[in-house]
Amino acid sequence: MSFETVVAQIPEIHSCFKAGLKALGAHSTLVTVRETRVLEGSVNLDECLAASRPSENRWDYFFAYKGEVFYLEVHPASTSEVSTIINKLNWLRSWLLNHAPALNALSAKTIFPFHWIHTGRSHILPTSK
């Protein structure tokens, strides 16, 4: 089943699919791939679920490349934000298991599928957990 079809079958996000990395908007420049023709599409998950889940720590984006799905969180990197990212990751994993199992099945297996791209400078203390 194609990535676009999988997204279309998830009620909460069925209308949020965008071609290529278009769902990432200005953040699309943070992702570089070797073969753009095998980018299968993307979803701005945070924006798509903002109205239905306003108080939850939503993950930002996901996209499919060469049949695998990768999840991106673009967020400041400071020691105080680490727990926020962990909460967002836990939220995403739960959402995938409970609301999007077909999407979860497409998650990248060749490399870790969840990525935090920090904005600005990194301010995480070396002694931080």
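The values are calculated or read from the model by the stated rules, or taken from the named source; none is laboratory data. Worth saying up front: this structure is predicted, and the values here are computed from it rather than measured. So basically every Cβ, Gly included, is an ideal-geometry build from the backbone, and we count neighbours across all protein chains shown. Accessible surface areas use protein heavy atoms only, side chains included; no ligands, DNA or RNA. Shrake-Rupley method; radii C 1.70, N 1.55, O 1.52, S 1.80 Å.
Measuring nothing but alpha carbons in the chain and taking Rh as the Kirkwood radius, the Rg to Rh ratio lands at 0.96. Per-residue accessible area (protein heavy atoms, 1.4 Å probe) orders 85, 111 as 111, 85, starting from the largest. Rounded if a/c is under 1.5, else prolate if a/b is larger than b/c, else oblate: which is segment 40-89, with a ≥ b ≥ c the root eigenvalues of its Cα gyration tensor? The shape class here is oblate.
Axis angle, to the nearest 10 degrees, between helix 82-99 and the longest C-alpha principal axis of the chain: 20 degrees.
Report note on the peptides 50-56, 37-43, 113-119: ranked by the mean count of other C-beta atoms within 10 Å, highest first, their order is 37-43, 113-119, 50-56. Measuring only protein heavy atoms, the 1.4 Å probe finds residue 112 accessible over about 110 Å². Averaging the sequence gap over all C-alpha pairs within less than 8 Å and six or more residues apart, then dividing by the number of residues, gives segment 1-72 a relative contact order of 29 percent. Of 57, 94, 71, which is farthest on the positive side of the dipole of the chain, counting Cα position, with +1 on Lys and Arg Cβ, -1 on Asp and Glu Cβ, and the Cα centre as origin? The listed residue farthest towards the positive side: 71.
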